[in-house]
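In what follows, a single structure is set out as structure tokens and then discussed.
The values are calculated or read from the model by the stated rules, or taken from the named source; none is laboratory data. Every value quoted in this text rests on a predicted model; they were computed, and no experiment measured them. Glycine gets a Cβ as well: all are built from the backbone with ideal geometry, and neighbour counts include every protein chain shown.
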Amino acid sequence: MAKKPTAKFSCTECGASYIKWQGKCPDCNKWGTVQEDVVATPSLGFRRSAVDGIAGSAKVIALDADLDLPDVSRVPLGINELDRVLGGGLVPGSFILLSGDPGIGKSTLLLHAVYEAAKQGMKVLYSSGEESAAQILLRAKRLGHMHPNILVANETNVDAINATINEHKPDMLVVDSIQTVFSPDIPSAPGSVTQVRECAAKLLDVAKSRNLPVWLVGHVTKDGNIAGPRVLEHLVDCVLYLEGEPNSGYRILRAVKNRFGSTGEIGVFEMAGDGLRPVVDPGAQFLEHFSANGPRPSGISTTVTMEGSRPLLVEIQSLVAKTVFGNPRRVVTGLDTNRVATLLAVLEKRAGLYLSMNDVYTTVAGGLRLMDPSADFAVAMAIASSLLDRPITGRYTFVGELGLSGEVRGCPHLGVRISEARKMGFEKIFVPEISLKNEKPRPSTDGRTIEVVGVRSISNLERLGVW
């Protein structure tokens, strides 16, 4: 006879286990991440069978070059930006986790994807534990995403969801959200570490055994990480983040894990009255000052960043003003704060710009978040332009990582970046001199030309001739 379940406490960040609750995890030093985890103690017969090896052996296959592999055909959903992030379309049997801040548009994006799949003849089961069927119906009617192939269920019991799958045999499943689903076999509240882990494992078994694509909607913590245990991210095949500034009309869909495609890919959407619309040309959307005619203010520069395999031209804005307090302020949006602080030190030490007693505000226009270190050169030029109060006169863009000695370090995919800047009508691009030796610019196919200038160091900004 099995013993009653015992309780232990686990950290949702690092997975460390403790015998009692603690406010702060000693291993990762995170507050409020230790939660109760109910564990069922195995029976004596189970332990004896495990020791004696009664269970049958697993089937194995040899990784031979002549092995016949099954054909995996992707199903394009008809939303270009979503298909791009997924790697070209939806893979049958894939287990996908979509997360993002409350109200960012997760349910709206999924309802659009479900509608596009239903138009292709797929039967979709939409199980919601946060909204009633009437609320989902109102949203679908407002967005124009009504279709008889979309089946809506208000169910949070994972066993009932499995029974519904057996009855209706859908071609796609959406669970909104995994934190509301519970298993009656586990004596803990929905959203706890044990419930999230066990319910996700049951849905994963359904996805793989039936070759059924499953979408999970996940909550986020106040730090922006996916709520629940990290094992949830390990279980799924693809982890997608939908992010964006609350007051911005743009949303960025980013893949941070993808077993069927490349990570780092992004999709750009615009929030409109009829839902999230894919942005056809994202580069033009983030160049407000460079797209308009007339003089530009100081403190504005551009760079060509790589988001996965996509080159994207973005605008960097900076404002430098004398501080009125003892400690100057450093306000950064869309960039790494520590990296911008390092660039300020490099500009003061290597370029002779006095920034110690100035407030510095730096942001990426359009609500985009840049992780590419090759944006350093453009950030430094925007800060220098604002400090000197000299606008960058021409349609110039800057690409390159800055070292602590002021050198402009090489960057990957230089040819793709140059081609994108030329396509957007820029006159000149400043790139690392060392990268020009390793990668030559691609020839133009549309008749447009761009001057490529190699830069070794930022020690003499006047020599660049951009003011």
#### Entry: Within region 242-279, considering residues that are farther than 19 Å from residue 91 by Cβ and among the aromatic types (Phe, Trp, Tyr), the one surrounded by the most Cβ atoms within 10 Å (Cβ to Cβ)
269
### Task
Scan region 389-418 for residues that are buried (at least 21 other Cβ atoms within 10 Å of the Cβ) and of a type in the set (Gly, Ala, Ser) and jot them down.
400
### One residue from 244, 249 being in contact with a Gly (Cβ under 9 Å, 6 or more places away or on another chain), more than 25 Å from residue 170 (Cβ to Cβ) and without any contact (Cβ under 8 Å) to a residue 60 or more places away in the chain
249
### Task
Might you let me know whether region 371-385 holds any residue that is under 30 Å from residue 248 (Cα atoms) and either assigned to a loop (DSSP other than H, G, I, E, B) or free of Cβ contacts under 8 Å to residues at least 24 places away in the same chain (or both)?
yes
### Message
Checking residue 261 against (1) part of a loop (DSSP other than H, G, I, E, B); (2) modelled with pLDDT of 90 or more; (3) over 30 Å from residue 11 (Cβ atoms), only one condition comes out false. Which one?
### Response
(2)
### Set 422, 448: member being assigned to a loop (DSSP other than H, G, I, E, B), of a type in the set (Lys, Arg) and more than 25 Å from residue 330 (Cβ to Cβ)
448
#### Entry: Sole exception among (1) over 30 Å from residue 119 (Cβ atoms); (2) touching a Leu at 6+ places or on another chain (Cβ under 7 Å) for residue 188, by number
(2)
### Summary
If you go through 404, 335, 347, 319, the only one that is assigned by TED's automatic domain parsing to the domain that holds residue 449, touching a residue at least 40 places away in the same chain (Cβ under 8 Å), out of contact with any Cys (no Cβ under 7 Å at 6 or more places or on another chain) and part of a helix (DSSP H, G or I) is 347
### Query
Of all residues in region 428-449, which are among the basic types (Lys, Arg) and at pLDDT 90 or above?
428
### Query
Does residue 386 count as among the hydroxyl-bearing types (Ser, Thr, Tyr), under 25 Å from residue 423 (Cβ atoms), buried (at least 20 other Cβ atoms within 10 Å of the Cβ) and in contact with a strand residue (DSSP E or B) (Cβ under 7 Å, 6 or more places away or on another chain)?
no
### Message
Test of understanding: among 208, 169, 222, 202, which residue is in the same structural domain as residue 123 (by TED's automatic domain parsing), of a type in the set (D, E, K, R) and more than 29 Å from the chain's Cα centre (by Cα)?
### Response
169
### Task
Give me the pairs, please: first residue somewhere in region 258-272 and more than 14 Å from residue 106 (Cα to Cα), second residue anywhere and hydroxyl-bearing (Ser, Thr, Tyr) and surrounded by fewer than 16 Cβ atoms within 10 Å (Cβ to Cβ), beta-carbon distance under 8 Å, and either six or more positions apart or on two chains.
262/309; 265/309
### Task
Check region 155-166 and report whether any residue there is assigned to a loop (DSSP other than H, G, I, E, B) and buried (at least 17 other Cβ atoms within 10 Å of the Cβ).
yes
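Conditions (1) assigned to a strand (DSSP E or B); (2) surrounded by fewer than 21 Cβ atoms within 10 Å (Cβ to Cβ); (3) at pLDDT 90 or above, marked per residue:
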site: 7; (1), (2), (3): yes, yes, no
site: 10; (1), (2), (3): yes, no, no
site: 38; (1), (2), (3): yes, yes, no
site: 42; (1), (2), (3): no, yes, no
site: 50; (1), (2), (3): no, yes, no
site: 70; (1), (2), (3): no, yes, no
site: 78; (1), (2), (3): no, yes, yes
site: 82; (1), (2), (3): no, no, yes
site: 97; (1), (2), (3): yes, no, yes
